[in-house]
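The values are calculated or read from the model by the stated rules, or taken from the named source; none is laboratory data. Predicted, not measured: the structure shown is a model, and the values here were computed from it. Reconstructed Cβ throughout: ideal geometry from the backbone, glycine too, with neighbour counts over all protein chains shown. Surface areas here come from the heavy atoms of the whole protein model, side chains and all, with no ligands, DNA or RNA. Shrake-Rupley method; radii C 1.70, N 1.55, O 1.52, S 1.80 Å.
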Amino acid sequence: MTNMTIGIEKLSFYVPKHYISLTTMAEHHGIDPAKFSRGIGQDKIAMPSHDEDVVTLAAEAAQPIIDAVGSDDIDTLIFATETGIDHSKAAGIYVHRLLGMNPRCRVVEMKQACYSATAALQMAAGYVARKPSAKVLIIAADVSRYDLDSSGEATQGCGAVAMLVSNDAKILSLDTVSGLFTEDIMDFWRPNYRKTPLVDGKYSALRYLNALAESWTDYQQQGGRDFTSIDRFCYHLPFSRLGVKAHSHLAKLNGAKLDNVQITDGMAYNRVVGNCYTASLYLSLISTLENADQDLTGQAVGLFSYGSGAVAEFFSGVVQEGYQDHLMTTHHQKLLDDRAALSYDAYLNLWHAPDPQNGEAYAPEPAARGRYRLVSIDEHKRHYDTA
Ligand code: COA
């Protein structure tokens, strides 16, 4: 029987082959590795090679979804990122071509720091309610890069999550209630002329916790679920320790007993990928669904989305019967297992990605493990192709 429930029908992610272990980074900087493994709760940082960017990561993440359902019914592609490659053209148009998608499709890019994929999800759900035959492909893709030798260096990462939103939510139905909060602050931002963000990490974490309380309050006022009737919680995770602090904060606000089992599965993937900005919350959702050792059917999941600057949203959904049949657990675990560690010098080489700005021709060495790669940049045009 068709589900006829609005929400997530398919979920897929992609990470590149290379990572730097935070033990290697700690050794290089002469600090205790426990600061990273326990203090910020991270183990690895995924690094793109020079022939990978948000376009190739996004295409890799979405490919298994297109393989499974085709693109005939997808009339909207929303690309959520804060590491776009062009101020004007939407990165999703390149992805649309690489995936051979139906030309009868609208494509757009959205930005609001780490929050934009959530705006995309809510807009997609609203659109599908209006046009139940439509499916929307959302791709959240980012490369999180901070200055070398800065405190943010340990919280880098990259990755892409693709979600198919439809009226046949095979994985997670979305509740219509959500709690919202916006405030104009400068906790993390990146002016157009900068490659790395400016960030006050400690201030940002405080505003994040305040935004959690504010959006939770609004969620309650809008008629959301009680804290005790939510089984699992997924938080935006720039680093997993912030999720631990967030959950403790929310439990305390509700006078409830803290149960970290509600969040631990949702941190497993993020710990070994690093921050992938707007994809991070949805990587945590996939991590929850794929690492839980019990059947989550019928369980309520609470999701907290935060994008510096700042916009926050607390919303929820319900895990659907038979959801395991629609996960890509084996594929995802293989992507994470089959990776290669970088030395600090090799990491530095990837960090310093060439960035031709005068129209000169540049062709990166083939290094991406996936199907799609940036083949060249010439006359200010980026050329992508299959490997
Ligand atoms: N063993 C265990 N824990 C240790 C440790 C050790 N040897 N050394 C330090 N720690 C703990 C500290 O006590 C601290 O814990 P606390 O947060 O509970 O106080 C934690 O590790 C971090 O140490 P700290 O010295 O405060 O870190 P830092 O100055 O290096 O900065 C971040 C850490 C996360 C603030 C920084 O990496 C950052 O700004 N990242 C960017 C965050 C971001 O992207 N924000 C915006 C989007 S939400």
Mind telling me which of the residues 17, 44, 35 ends up being within 16 Å of the ligand (Cβ to nearest atom), touching a strand residue (DSSP E or B) at 6+ places or on another chain (Cβ under 7 Å), modelled with pLDDT of 95 or more and open to solvent by 40 Å² or more (accessible area, probe 1.4 Å)? 44
The condition of being in contact with a Leu (Cβ under 6 Å, 6 or more places away or on another chain) and farther than 23 Å from residue 290 by Cα holds, among 372, 362, 347, only for 372
Kindly indicate the residue of the stretch 116-136 that is open to solvent by 40 Å² or more (accessible area, probe 1.4 Å) and among the aliphatic types (A, V, I, L, M) and also farthest from residue 161 (Cα to Cα) among those meeting that condition. 129
Lone unmet requirement of (1) more than 28 Å from residue 202 (Cβ to Cβ); (2) open to solvent by 20 Å² or more (accessible area, probe 1.4 Å) for residue 244: (1)
Scan (1) within 13 Å of the ligand (Cβ to nearest atom); (2) closer than 14 Å to residue 307 by Cβ for the single condition residue 282 breaks and write down its number. (1)
Mind checking which residues of the stretch 264-277 are aliphatic (A, V, I, L, M) and either buried (at least 24 other Cβ atoms within 10 Å of the Cβ) or within 16 Å of the ligand (Cβ to nearest atom) (or both)? 267, 273
Within the stretch 370-387, residues touching a residue at least 40 places away in the same chain (Cβ under 8 Å), out of contact with any helix residue (DSSP H, G or I) (no Cβ under 9 Å at 6 or more places or on another chain) and charged (D, E, K, R) come out as none
What are the residues in the stretch 295-314 that are polar (S, T, N, Q) and under 21 Å from residue 251 (Cβ atoms), if any? 299, 305
Only one of 258, 250 is buried (at least 20 other Cβ atoms within 10 Å of the Cβ) and of a type in the set (A, V, I, L, M); which? 250
Residue ID - most open to solvent (accessible area, probe 1.4 Å), chosen from residues in the stretch 74-115 that are among the hydrophobic types (A, V, I, L, M, F, W, C) and over 14 Å from residue 137 (Cβ atoms): 85
Tell me, please, whether a residue that is closer than 17 Å to residue 158 by Cβ, in contact with an Asp or Glu (Cβ under 6 Å, 6 or more places away or on another chain) and in contact (Cβ under 8 Å) with a residue 12 or more places away in the chain can be found in the stretch 306-322. no
Which of (1) buried (at least 19 other Cβ atoms within 10 Å of the Cβ); (2) on the phi < 0 side of the Ramachandran plot does residue 7 not meet, given it meets every other one? (2)
